Amino acid sequence: MRSGRACLALLTAATLAAGAAMWPAPAAGGARANLDWFGPQLLPKYRIVSYYGNPLSATMGVLGQGSSGRMLARLAAQEQAYRVADPSRPVLGALELVAVVAQSSPGPQGYYSAQMPYSLIQGELDLARRHHLLLILDVQIGHASVQTEVRYLAPFLRQPDVELALDPEFAMRPGDIPGVEFGSMPTPPVNWALAYLQAIVERDHLPQKILILHQFIESMVPDWQGIEEQPDVALVRDLDGFGDWGRKAGEYEQFIQQESIPYVVPFEVPIGVRGALNAGYATEIRQHVVVCGGVKIFYTQDTPPEPPSVVLSLDPPPLVVIYQ
């Protein structure tokens, strides 16, 4: 399977400067009214269908191709196709914005990555909110750290309708260049990101968060067994890369079945039952375990891009489907 690295965008300083005004951090708390319209849990309650990319680059994915109106119409049609293919699970649409973009040159800090200005991120969040979509912020760290880039995005991650994705393909070893070699991300920074999101949920009383981990070869997350689950963060292992569907299907099932990272989900507890628990009349809230699988579909590079009925025939059916 080939990588999506051919979509590496070279965002020039002039391009970034066009939207470089820093936007003040969004307030947590009361300003969140009606932004958690989807409820306390995203996965496995919903299936998420997302469009990926960056509005500054058509080559990075569908998010930057054509007008926003045309892109949103395509996404709405894609969402509806999944509702028809599986009426048993509600579908949420999402925009996955590459908010930290890997670069082939070091840049002023030597990170080989570019942080998108807050004004651009806020524009995508406003667009998502106008159309009842989630926003997923994708991070390609280059030679920076997960901690540095996730903290940069913290004002947005504190919002109830914003999720996080990490892209180990662009987490580079010393001396390596994005787009030339494949990167790799060990579990400590993944665990740090999971714990960071968990802390945000607890501190700001937010709904469940999602962390998407993109990969298409095992070496991108070599010690996946060490990933530590968090109770309010659903980890999605997303099979990235493009190519022959039969091979993609086999690799998806390897990652999700043979190398599964289960997520323990508490059942939603009715108010009356919650009251009995608080009063001491019951002692246990039952839980169940789900493995959150994701898959990326490339409109122009998969051979061919399969319809939802085929995508959902994967075992287990993916809860997150990303289109690039």
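The values are calculated or read from the model by the stated rules, or taken from the named source; none is laboratory data. Note that this is a predicted model, so its numbers are computed, not measured. All Cβ positions, glycine included, derive from the backbone under ideal geometry; neighbour counts span all protein chains shown.
Of these, Glu79, Glu96, Glu124, which one is closer than 17 Å to Val150 by Cβ, under 18 Å from the mean Cα position of the chain (by Cα) and at pLDDT 95 or above?
Numbers: Glu79 fails: closer than 17 Å to Val150 by Cβ; Glu124 fails: closer than 17 Å to Val150 by Cβ.
Answer to the selection: Glu96.
Restricting attention to region 244-282, which residues are more than 22 Å from Ala165 (Cα to Cα), in a loop (DSSP other than H, G, I, E, B) and either of a type in the set (Asp, Glu) or modelled with pLDDT of 75 or more (or both)? Result: Glu268, single match. With respect to (1) among the small types (Gly, Ala, Ser); (2) surrounded by fewer than 23 Cβ atoms within 10 Å (Cβ to Cβ); (3) over 16 Å from Val146 (Cα atoms), the lone exception for Ala234 is condition (2).
Would you mention how many residues in region 123-139 are buried (at least 20 other Cβ atoms within 10 Å of the Cβ) and either closer than 16 Å to Phe38 by Cβ or out of contact with any strand residue (DSSP E or B) (no Cβ under 8 Å at 6 or more places or on another chain) (or both)? Adding up the residues that qualify gives 6. Among residues of region 125-140 that are in contact (Cβ under 8 Å) with a residue 40 or more places away in the chain and charged (D, E, K, R), those with a beta-carbon under 7 Å from a residue that is part of a strand (DSSP E or B) and crowded, with 20+ Cβ neighbours inside 10 Å at least six positions away or on a different chain give the pairs Asp138/Glu96; Asp138/Leu97; Asp138/Val98; Asp138/Ala99; Asp138/Ala165. Scanning region 291-318 for residues that are over 20 Å from the mean Cα position of the chain (by Cα) and in a strand (DSSP E or B) yields a single hit, Thr303.
Residues in region 99-108 that are closer than 20 Å to Asp167 by Cα, part of a loop (DSSP other than H, G, I, E, B) and either out of contact with any Phe, Trp or Tyr (no Cβ under 6 Å at 6 or more places or on another chain) or at pLDDT 95 or above (or both): Ser104, Ser105, Gly107. Inspection of region 32-41 finds a residue satisfying the criterion of being closer than 16 Å to Asp161 by Cβ, in contact with a strand residue (DSSP E or B) (Cβ under 7 Å, 6 or more places away or on another chain) and outside any helix (DSSP H, G or I).
Report whether or not Ala234 is modelled with pLDDT under 85 and either touching a Cys at 6+ places or on another chain (Cβ under 8 Å) or among the hydrophobic types (A, V, I, L, M, F, W, C) (or both). Considered against the rule, which asks whether it is modelled with pLDDT under 85 and either touching a Cys at 6+ places or on another chain (Cβ under 8 Å) or among the hydrophobic types (A, V, I, L, M, F, W, C) (or both), Ala234 comes out as no. Scanning region 109-166 for residues that are among the acidic types (Asp, Glu) and assigned to a helix (DSSP H, G or I) returns Glu124, Asp126, Glu149. Just need a number here: residues in region 148-175 that are at pLDDT below 90 and more than 23 Å from Leu239 (Cα to Cα). Residues flagged as at pLDDT below 90 and more than 23 Å from Leu239 (Cα to Cα) within region 148-175 amount to 2. The sole residue among Arg74, Arg89 that is part of a loop (DSSP other than H, G, I, E, B) and at pLDDT 95 or above is Arg89.
No other residue among Gly179, Gly226 is under 21 Å from Gly107 (Cβ atoms), more than 15 Å from the chain's Cα centre (by Cα) and of a type outside the set (S, T, N, Q) apart from Gly179. Taking the numbered list (1) crowded, with 16+ Cβ neighbours inside 10 Å; (2) closer than 17 Å to Leu56 by Cβ; (3) over 18 Å from the mean Cα position of the chain (by Cα); (4) not β-branched (Val, Ile, Thr) in turn, Ser119 passes all entries but (1).
Scanning region 127-178 for residues that are more than 23 Å from Phe216 (Cβ to Cβ) and of a type in the set (Gly, Ala, Ser) gives Ala128, Ala154.
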